[in-house]
Amino acid sequence: MRAEKVFCRFLWALLIATVVLHAAAVATRGGILWGVDAYAFLPGPWLAAAIFVLIVLAWPARARGEEKATARRGIERGKAAAPAPLVRFRALGLVLASVAFGALCWVLREGHTLLGDGNALVRSMSRGESFHPNEPLTFLLQHWIHGLAAPLFARAGDDPAMAARDAAALGSAIAGALLVPVAFAIGRELARSTNREAGATATADRLVALFAGLVVLSQGGVELFFGYVEDYTFYALALAFYLLAALWTLRGRAPLLAPAAVLVLAFALHFSALVLAPSLVVLGVVGWTRPRGGRAVVRDLAAGALLLVAADLALARAFPGYHPAGRVLDLTRLVIRGAPSSLSDYPLLSWRHVLDFLNEQLLIGPAGLVLFVAALALAPPRRIARDGLAWFAAAVGGAYLVVCWIAGESNLGYARNWDLLAPAGLAFTVAGLALVLRSPWRPPEARRWLFVLALVSLFHTAPWIAVNHSFDRSFARFQTLPLGLGRTEAVVGSWYAAHRDTSEAVRWFERSLAVNPANNIAAFSLGRIEMERGRYPSAARMFWVALQTRPDKTEFRMSLIDAIVRGGGRPEWARPHVDTLLAAAPRDPALRAISGVVWLGLGARDSAAADFARALELAPDDSTLRALPVLVDRPDGYRRAVRERWPALVGS
């Protein structure tokens, strides 16, 4: 069978390339090969041991032809010895596998929040926030999980963000447990769709299904479920449910409404689910071509549209003033116009982007995109043209390929923002497997092919999980990530600053500004350190730098006002910034009082008195505000206001 031999050659090429790339990353200590650098941050023998295990387990699967029948029979006996509950997908076996995987996700959970927006998430959760415009249902779900689980992890005297982090990690691990039955159900559907030789047994199908499920569960993107603190885990789980529902629909086991309803849920979890819309259209076209399928397709799509409208109305009701449809249109316009240049330090057609794109796909693979592209290129065009499953796989993988290419590095840098595209690895893998298994396969070859693919995937993913479980190793790896624009240095400096190692923090922030003088995080953080040292003019300069790139940040502007006033600088420099903040929040009593103090410094006593009176009107019980009006007529009123009342007004 020509296709079978070609795909087997591809598999061995993937195995060799994966090992070589990991070895090269160890030799270069990560950096440029950040997608395959996990072994570089583990003890030296780990890579050699992993290569040895990979060879020992994969070597028997190299057998081909009748002259190697003995080796093949040995492999088949090993497969036949697998526990019956697992091989046959009995309910008890799935439950045990789910519990075991969920427990593994929790025990080996991420030991840091350096990647993604984990730090921002735990802060928002600990403050009780429950809304994000791009992922409304996910943020609400995180809020509920925090309310239920955070009390279990709270300890007296600890930062509430630590309990929020553990609560988010628990939600991630639970989602991992739920992924297991879905992954094996996907494997079962793919096994049923396999083109097999006549006479293939049901046991062959179950083994193909088992190994296909293992391939899905062993990709690098599964790190999302290992206590990863971010918002893409639940969307990835919903994506898996969508792929399963779509496979059911293609086999006639479920109506088109099933994947449509799951897609609406995925959309509410994260608006990026819109990338799946073309694949739903393909499902509709396939259904339309079936006998008496047109009416069912129209009915199901109409019901799906009603569900989408209901979800839009429900979200708008849950968050007054929020319009999901309008938000999607805004995001669409942003994508069409292109992201702001400040978010990227290279164009999409540069070699730097190509390298980061490939690293990202290796990280969330190693099968993923490589498998999908190879399967699409090697599959016979005539068969794809008349195969509904192949069309669906091409639509899913093709749409994600476009999105992954144009996503760019975003605001965090490609290597840190890997989680944004991690669900795509699941889509690529399932789409690739669907295309590969539609080629004619002998059952033993299909089992061995999937078995080795799972081994290669575990060789890549296991060290990735091990590194993320250890803070020290993750921190060492993070310092090598080529995020660009001084972002790596700024994050490292922020960690040292949070742990009161000021000298190291200053060193890293200065390195960040040397790379990118406009890095607002580094500039703002240096400004805060200068404030603590009482160097107010220097702090004001740093806050000014930060404000130039992020004029929308109230914290930056308020800090600049604070530094100007405390430093004895000219109050007229602070006045425009106070007016900017007042225009956005005219009913903020503290801000109104700050305005009064600045007016007092300018000698405008009437304006100061008016602002103090307005502040008291807005907050009549505030003792700090009640003490301000008496300072208006004192010669030293401004100096006393700054010395005695200013810290309480600015919250420091």
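Could you go through the range 327-335 and let me know if any residue there is farther than 30 Å from residue 144 by Cα, in contact with a helix residue (DSSP H, G or I) (Cβ under 8 Å, 6 or more places away or on another chain), open to solvent by 50 Å² or more (accessible area, probe 1.4 Å) and at pLDDT below 90. Within the range 327-335, one or more residues are farther than 30 Å from residue 144 by Cα, in contact with a helix residue (DSSP H, G or I) (Cβ under 8 Å, 6 or more places away or on another chain), open to solvent by 50 Å² or more (accessible area, probe 1.4 Å) and at pLDDT below 90.
Residue pairs whose Cβ atoms lie under 7 Å apart, separated by 6 or more positions or on different chains, with the first residue in the range 531-560 and under 18 Å from residue 506 (Cα atoms) and the second in a helix (DSSP H, G or I) and open to solvent by 40 Å² or more (accessible area, probe 1.4 Å), are 536/566.
Evaluate the following for residue 537: is it more than 29 Å from residue 411 (Cα to Cα) and touching a Gly at 6+ places or on another chain (Cβ under 7 Å)?
yes
Does the range 549-572 hold any residues that are under 17 Å from residue 527 (Cα atoms), open to solvent by 20 Å² or more (accessible area, probe 1.4 Å) and more than 33 Å from the chain's Cα centre (by Cα), and which are they? Walk me through it before giving the result.
The first filter runs over the range 549-572 and keeps only residues under 17 Å from residue 527 (Cα atoms), leaving 549-551, 553-569.
If we keep only those that are open to solvent by 20 Å² or more (accessible area, probe 1.4 Å) as well, we get 549-551, 553-555, 557-559, 566-569.
Matches in the range 549-572: 566, 567, 568, 569.
Take the residues in the range 483-503 that are open to solvent by 50 Å² or more (accessible area, probe 1.4 Å) and of a type outside the set (Lys, Arg); name whichever of them is farthest from the chain's Cα centre (by Cα).
Of all residues in the range 483-503, those open to solvent by 50 Å² or more (accessible area, probe 1.4 Å) come to 495, 498-501, 503.
Within this subset, residues satisfying the condition of being of a type outside the set (Lys, Arg) are 495, 498-499, 501, 503.
On the way: 495: 20, 498: 23, 499: 26, 501: 29, 503: 32 Å.
It comes out as 503.
Identify the residue in the range 366-424 that is part of a loop (DSSP other than H, G, I, E, B) and closer than 27 Å to residue 440 by Cα and, among all such residues, is most open to solvent (accessible area, probe 1.4 Å). The residue in question is 386. Residue 521 falls short on exactly one of the conditions (1) open to solvent by 40 Å² or more (accessible area, probe 1.4 Å); (2) under 22 Å from residue 641 (Cα atoms); (3) not in a loop (DSSP other than H, G, I, E, B), and that condition is (2). One residue alone among 274, 301 is in contact (Cβ under 8 Å) with a residue 24 or more places away in the chain, hydrophobic (A, V, I, L, M, F, W, C), within 22 Å of residue 133 (Cα to Cα) and surrounded by fewer than 20 Cβ atoms within 10 Å (Cβ to Cβ), and that residue is 274. Might you let me know whether the range 449-456 holds any residue that is in a helix (DSSP H, G or I) and touching a Pro at 6+ places or on another chain (Cβ under 7 Å)? Yes, because at least one residue in the range 449-456 is in a helix (DSSP H, G or I) and touching a Pro at 6+ places or on another chain (Cβ under 7 Å).
Going by what's in this entry, would residue 433 be described as assigned to a helix (DSSP H, G or I), open to solvent by 10 Å² or more (accessible area, probe 1.4 Å) and of a type outside the set (Phe, Trp, Tyr)?
On the way: assigned to a helix (DSSP H, G or I): yes; open to solvent by 10 Å² or more (accessible area, probe 1.4 Å): no; of a type outside the set (Phe, Trp, Tyr): yes.
When the stated conditions are applied, residue 433 does not pass them.
Taking the residues in the range 600-613 that are free of Cβ contacts under 8 Å to residues at least 24 places away in the same chain and part of a helix (DSSP H, G or I) as candidates, determine which candidate is most open to solvent (accessible area, probe 1.4 Å).
Quick first cut of the range 600-613, residues free of Cβ contacts under 8 Å to residues at least 24 places away in the same chain only: 603-604, 606-607, 609-613.
From what is left, the residues that are part of a helix (DSSP H, G or I) are 606-607, 609-613.
Details: 606: 133, 607: 46, 609: 44, 610: 59, 611: 14, 612: 4, 613: 57 Å².
Of everything passing the filter in the range 600-613, 606 is most open to solvent (accessible area, probe 1.4 Å).
Can you name the residue in the range 574-588 that is in contact with a helix residue (DSSP H, G or I) (Cβ under 7 Å, 6 or more places away or on another chain) and either aliphatic (A, V, I, L, M) or surrounded by fewer than 16 Cβ atoms within 10 Å (Cβ to Cβ) (or both) and is also nearest to residue 616 (Cα to Cα) among such residues? Of everything passing the filter in the range 574-588, 587 is nearest to residue 616 (Cα to Cα).
How many residues, within the range 25-66, are modelled with pLDDT under 95, among the small types (Gly, Ala, Ser), in a helix (DSSP H, G or I) and surrounded by fewer than 19 Cβ atoms within 10 Å (Cβ to Cβ)? Residues meeting the conditions: 2. Scan the range 504-518 residue by residue and report those that are free of Cβ contacts under 8 Å to residues at least 24 places away in the same chain and open to solvent by 40 Å² or more (accessible area, probe 1.4 Å). Matches in the range 504-518: 504, 507, 510.
The values are calculated or read from the model by the stated rules, or taken from the named source; none is laboratory data. The shown structure was predicted, so the numbers you read here are calculated from the model rather than taken from an experiment. Reconstructed Cβ throughout: ideal geometry from the backbone, glycine too, with neighbour counts over all protein chains shown. Quick note on the areas: whole protein, heavy atoms, side chains included, nothing else; ligands and nucleic acids left out. Shrake-Rupley method; radii C 1.70, N 1.55, O 1.52, S 1.80 Å.
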